[in-house]
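What follows is one structure encoded as structure tokens, with my remarks underneath.
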Amino acid sequence: MGWIIAIIVGGLIGWLASKVMGTSEGIIANIIVGIIGSSLGRWIFGDLLGIGSAWKAGSFSLAGLAFGVLGAVILLWILKMVGIVK
């Protein structure tokens, strides 16, 4: 059951990040970007910067969604700079 929630929340986070960045890559890409972006957000804001609520990145809470979206936006920005996403 946990992986179903991860897919749903990852899709939501990826979709929100794609709206912020102005990209449109599809539902599968949104799920992948959301899941990887949440992990990136947790690592950057939780591990590197020590923001305690960032440990919820990817969970279905306001803080979790916020840090997940921030991580996904950073991931999309990096992918845009490399030229993978337009």
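The set of residues from segment 47-66 being of a type outside the set (Asp, Glu) and surrounded by fewer than 18 Cβ atoms within 10 Å (Cβ to Cβ) comprises Leu48, Leu49, Gly50, Ile51, Gly52, Ser53, Trp55, Ser59, Phe60, Ser61, Leu62, Ala63.
Being out of contact with any strand residue (DSSP E or B) (no Cβ under 8 Å at 6 or more places or on another chain), free of Cβ contacts under 8 Å to residues at least 24 places away in the same chain and not aromatic (Phe, Trp, Tyr) is a property that Gly52 has. If you take the residues of segment 1-31 that are within 9 Å of the chain's Cα centre (by Cα) and closer than 15 Å to Ile74 by Cβ, which of them is surrounded by the fewest Cβ atoms within 10 Å (Cβ to Cβ)? Ranking the qualifying residues of segment 1-31, first place goes to Leu16. Counting the residues of segment 10-41 that are modelled with pLDDT of 90 or more and of a type in the set (D, E, K, R) gives 1. Restricting the first member to segment 13-32 and to residues that are more than 23 Å from Leu62 (Cβ to Cβ) and in contact (Cβ under 8 Å) with a residue 12 or more places away in the chain, and the second to residues that are in a loop (DSSP other than H, G, I, E, B) and of a type in the set (Val, Ile, Thr), the beta-carbon pairs closer than 6 Å and six or more apart or on different chains are Thr23/Val85.
The values are calculated or read from the model by the stated rules, or taken from the named source; none is laboratory data. Remember, it's a predicted structure, so these values are computed and weren't measured experimentally. Please note: Cβ atoms are built from the backbone with ideal geometry, for glycine as well, and neighbour counts cover all protein chains shown.
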